[in-house]
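Asker: Let me give you the structure first, and then I'll get to my questions.
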Ligand code: DOR
Ligand code: ZN
């Protein structure tokens, strides 16, 4: 609709024609632009504490503000990993001092005894990496991986009792070990080998893992939120579970649609674009899942690593960490698709704000522009053309996998609870502006 939006004390207080709008002491002009709810990023690796040479809560949320994200929710693979109430509270205290946008943090759901206390402390969801605990330090440091089915099941039961969602990074490590051995025996540890290994047999390691956790979901009743959707097989399983009315939701990441979806990128960018390879037909299935509502949420999976850490991957991709910076660029990439007619702006807002708010217990405080909601708003210029560049990226590592990419459609102003934190591409918010947001 064409409307004025009135804000009072950080909340939306008026929506309607300018003829009837009350007077205001401050006016932000959005004429000719589109205003959407601020993005809720339910999957950000803030890296703080422990890996602040990659990113910290200030740099991550500066990049968030520049990208139209008004609520950024962290992940537990920090150091010390967030496996306990004390550690969770510590992360929240750090965030209060350093974040420019609103925040929360998904603690690890690996320690059943800690789960009720973590829920009481105000987390929105739990996160489990379905990987073997190898005792390695990064990215899966001791304590946050669960691969043994019995242990995993106990965590499902404990999280189910809280009523909060359980986010699982699906992975069949037993099978993966067999698959990767075959590449290693041929002496191939290249980025291309890594990409193919994770996609062997059309992504079998994802599908078998997802079949398992869906069965655990049925047994325990937990609200299951499946991360990193990328295979047609997994989409089919989720469709069926949803059809049965089960509380199953899922996430897609920008890297699956804009980066790992091209073999050319994998050849050219190598470690800088892995993550995972999503062959063309599989990416098309993801777009179909977006259009028909199978996919609920876009999580950025913002996962910065330094160039030094990435460079190792050219020789041995198994020694280099996966993931890339995403949070500043993903809205621009999706807006470009809206301009090209691949999805509607409505569907985009559904994925980035409205559904995340519902799945993570934030609605109607967040994720919507309506009277009484927080005034988390992004002013978008649908006609603005830009070329994404390393030079303007705000993540601490100073590079983006989308360097050189032409985009059309960009956030020009970001407001968090009525306060402007980004204006004309300049971040003006200050550390401490962000608030801790528990479930409503
Ligand atoms: O590629 C990944 N990056 N996978 C993970 O499981 C962790 C993440 C990270 O934190 O960098
Ligand atoms: Zn992640």
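Asker: In region 343-392, what count of residues is obtained for those that are outside any helix (DSSP H, G or I) and either closer than 22 Å to residue 409 by Cα or in contact with a helix residue (DSSP H, G or I) (Cβ under 6 Å, 6 or more places away or on another chain) (or both)?
Answerer: Total satisfying the criteria: 22.
Asker: OK, next. Could you list, in sequence order, all residues of region 401-417 that are farther than 24 Å from residue 430 by Cβ and assigned to a loop (DSSP other than H, G, I, E, B)?
Answerer: Listed by number, the residues that qualify are 401, 402, 403, 404, 405.
Asker: Scan region 3-51 residue by residue and report those that are part of a loop (DSSP other than H, G, I, E, B) and touching a helix residue (DSSP H, G or I) at 6+ places or on another chain (Cβ under 9 Å).
Answerer: If the condition is that a residue be part of a loop (DSSP other than H, G, I, E, B) and touching a helix residue (DSSP H, G or I) at 6+ places or on another chain (Cβ under 9 Å), then 3, 38, 45, 46, 47, 48, 49 are the ones that fit.
Asker: Let me ask you something else. Among the residues of region 257-275, which ones are within 15 Å of ligand 1 (Cβ to nearest atom) and over 18 Å from residue 312 (Cβ atoms)?
Answerer: 259, 260
Asker: Next question, about the same structure. Filter region 90-123 down to residues that are surrounded by 20 or more Cβ atoms within 10 Å (Cβ to Cβ) and farther than 14 Å from residue 435 by Cα, then give me how many there are.
Answerer: 9
Asker: Oh, and also: Being under 28 Å from residue 390 (Cα atoms) and either more than 19 Å from the chain's Cα centre (by Cα) or without any contact (Cβ under 8 Å) to a residue 40 or more places away in the chain (or both) is the filter here, so list the residues in region 285-310 that pass it.
Answerer: Selection gives 306, 307, 308, 309, 310.
Asker: Of everything in region 267-280 that's within 21 Å of residue 207 (Cβ to Cβ) and away from ligand 2 (no atom under 16 Å from the Cβ), which residue is surrounded by the fewest Cβ atoms within 10 Å (Cβ to Cβ)?
Answerer: 280
Table: residues versus (1) in contact with a strand residue (DSSP E or B) (Cβ under 8 Å, 6 or more places away or on another chain); (2) farther than 22 Å from residue 134 by Cα.
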position: 158; (1), (2): no, yes
position: 167; (1), (2): yes, no
position: 173; (1), (2): no, no
position: 179; (1), (2): no, no
position: 184; (1), (2): no, no
position: 187; (1), (2): no, yes
position: 203; (1), (2): no, yes
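Asker: Let me ask something additional. Are there any pairs, at least 6 apart or on different chains, whose C-beta atoms fall under 8 Å, with the first in region 323-339 and on the phi > 0 side of the Ramachandran plot and the second crowded, with 24+ Cβ neighbours inside 10 Å and in a loop (DSSP other than H, G, I, E, B), and if so, which?
Answerer: 323/45; 323/275; 323/301; 323/303; 323/304; 323/305
Asker: Within region 71-88, does at least one residue satisfy the condition of being outside any helix (DSSP H, G or I), modelled with pLDDT of 95 or more, away from ligand 1 (no atom under 16 Å from the Cβ) and out of contact with any helix residue (DSSP H, G or I) (no Cβ under 7 Å at 6 or more places or on another chain)?
Answerer: yes
Asker: Mind checking whether some residue in region 184-205 is without any contact (Cβ under 8 Å) to a residue 24 or more places away in the chain and within 16 Å of ligand 1 (Cβ to nearest atom)?
Answerer: yes
Asker: Answer yes or no as to whether residue 109 is in contact with a strand residue (DSSP E or B) (Cβ under 7 Å, 6 or more places away or on another chain) and at pLDDT 95 or above.
Answerer: yes
Asker: Next question, about the same structure. Can you tell which of 293, 323 is outside any helix (DSSP H, G or I), within 16 Å of ligand 2 (Cβ to nearest atom) and either modelled with pLDDT of 95 or more or buried (at least 23 other Cβ atoms within 10 Å of the Cβ) (or both)?
Answerer: One residue alone meets the criteria, 323.
The values are calculated or read from the model by the stated rules, or taken from the named source; none is laboratory data. Since the model is a prediction, treat every value here as computed from it, not as a measurement. All Cβ positions, even for glycine, are placed from backbone atoms using ideal geometry, and neighbour counts span all protein chains on display.
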